[in-house]
Amino acid sequence: MAPDRQQSLIDSRVVSRLMAQPLYARRDMEGTVSGLHKSPHRGSSVEFAEYRQYVHGDDLRRLDWRVLARTDRYYLKEFEAETNLRAYFALDLSGSMRFGSGEANKLAYAQKMLATLAWLVIRQGDAAGLLAIGSDTVLDLPPRRNPAHLQLLLESLENLKSGGQTGLPSGLHELADRIRRRALVIVFSDCFCDVESLMASLRHLSYQRHDVVMFHLLDPQELQFNFNRPLRFIDLEGQASQVAEPSVIRDEYLRRINQFLETLQKGCREFGIDYRRVQLTDKYETVLADFLIERSRMVANIR
């Protein structure tokens with residue numbers, strides 16, 4: 001059962017359906033306790049990795065005596081060290097995350113996704129942290145793996161508000177500079193910022209060998225532009241506004257939004273970033289289930 005607080009963010013029925021499927025990292029992780037995820041270091045778990053030749057000083061208990069009897073050569077067994085995962089959840093708090101043409105805006109949708117994943121991560125014995133980024137870093141909770149930390153994370157998440165311009169690229173650069181161990185970094189954003197700056201920050205994380213996931217949240221109206229009368233369009237991250245006739249600008253708007261999406265998706269694919277476009281009309285439980293199942297299959301194929 002989910003913790004007492006957070007009824008608005010955690011749906012116990014959703015987490016009960018999702019909890020059977022662990023969240024795996026695609027890349028080797030470096031943790032401090034035993035866990036579900038492969039480590040780049042060799043260890044003594046039950047999963048055999050490879051043989052290597054004996055070197056003076058090695059532990060003779062790891063010597064393979066059967067190989068010695070068969071080949072008269074000294075070989076040691078090495079195993080994959082399973083380790084725990086550190087998940088950093090980065091949430092965009094820019095003003096455009098307030099937009100939503102339906103029941104929920106982008107921030108509310110992201111909060112539910114993030115809360116559910118954080119609950120699942122800590123429940124499986126891994127660590128979850130929260131980085132909330134507005135024009136600068138608003139909140140920075142380092143990853144922890146205990147229930148009290150989950151309570152703090154969810155309470156903090158519930159109280160976050162969006163507004164102002166985005167500082168997402170600089171916030172992600174700072175995170176990449178600060179994280180010393182390989183981690184899973186999951187970003188929730190509408191990505192309405194300079195694409196080159198955003199891609200540079202995502203590449204920075206990828207170059208540091210972090211497993212990076214981008215949940216790109218968009219309202220259907222931002223993709224379809226189905227407005228049918230003159231409207232005043234307001235910049236949610238600034239002071240500008242503009243009255244326009246949608247039928248006049250629709251073709252150009254759609255051309256530019258599709259170009260933006262293609263650039264972002266192509267850039268993520270090029271640098272191994274797990275890009276996932278989400279519309280607010282999608283059920284967040286289905287989005288998360290697909291994400292978890294696909295990761296499980298991917299890791300199974302790698303192993």
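The values are calculated or read from the model by the stated rules, or taken from the named source; none is laboratory data. Quantities reported herein were computed from a predicted structural model and do not represent experimental measurements. Backbone-built Cβ (ideal geometry, glycine too); neighbour counts: all protein chains shown.
For the reader, a short list of remarks on this structure follows.
- Filter result (over 19 Å from the mean Cα position of the chain (by Cα) and of a type in the set (G, A, S)) within the stretch 245-299: S247
Per-residue answers, yes or no, for (1) surrounded by fewer than 13 Cβ atoms within 10 Å (Cβ to Cβ); (2) of a type in the set (A, V, I, L, M); (3) at pLDDT below 95:
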| residue | (1), (2), (3) |
| --- | --- |
| A200 | no, yes, no |
| Q208 | no, no, yes |
| V212 | no, yes, no |
| L236 | no, yes, yes |
| Q239 | yes, no, yes |
| Q242 | yes, no, yes |
| L254 | no, yes, no |
| L261 | no, yes, no |
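- Enumeration of residues in the stretch 214-234 that are free of Cβ contacts under 8 Å to residues at least 40 places away in the same chain, surrounded by 12 or more Cβ atoms within 10 Å (Cβ to Cβ) and over 16 Å from S162 (Cβ atoms): Q224, F225, F227, L231, F233
- Residue among L202, L175 that is touching a residue at least 60 places away in the same chain (Cβ under 8 Å), within 21 Å of D126 (Cα to Cα), of a type in the set (A, V, I, L, M, F, W, C) and part of a helix (DSSP H, G or I): L175
- Hey, R229 under 18 Å from S101 (Cα atoms) and assigned to a loop (DSSP other than H, G, I, E, B) or not: yes
- The stretch 151-171, subset assigned to a helix (DSSP H, G or I) and not hydrophobic (A, V, I, L, M, F, W, C), residue surrounded by the most Cβ atoms within 10 Å (Cβ to Cβ): G171
- So A148, is it surrounded by fewer than 19 Cβ atoms within 10 Å (Cβ to Cβ), part of a helix (DSSP H, G or I) and either modelled with pLDDT under 95 or among the β-branched types (V, I, T) (or both): yes
- E196 meets each of the listed conditions (1) in contact (Cβ under 8 Å) with a residue 12 or more places away in the chain; (2) under 30 Å from E262 (Cβ atoms); (3) in a helix (DSSP H, G or I) apart from (1).
- Residues satisfying the criterion are present in the stretch 278-300 (criterion: part of a loop (DSSP other than H, G, I, E, B) and basic (K, R)).
- Some residue of the stretch 135-144 being more than 17 Å from the chain's Cα centre (by Cα), small (G, A, S), buried (at least 18 other Cβ atoms within 10 Å of the Cβ) and under 22 Å from G100 (Cα atoms): no
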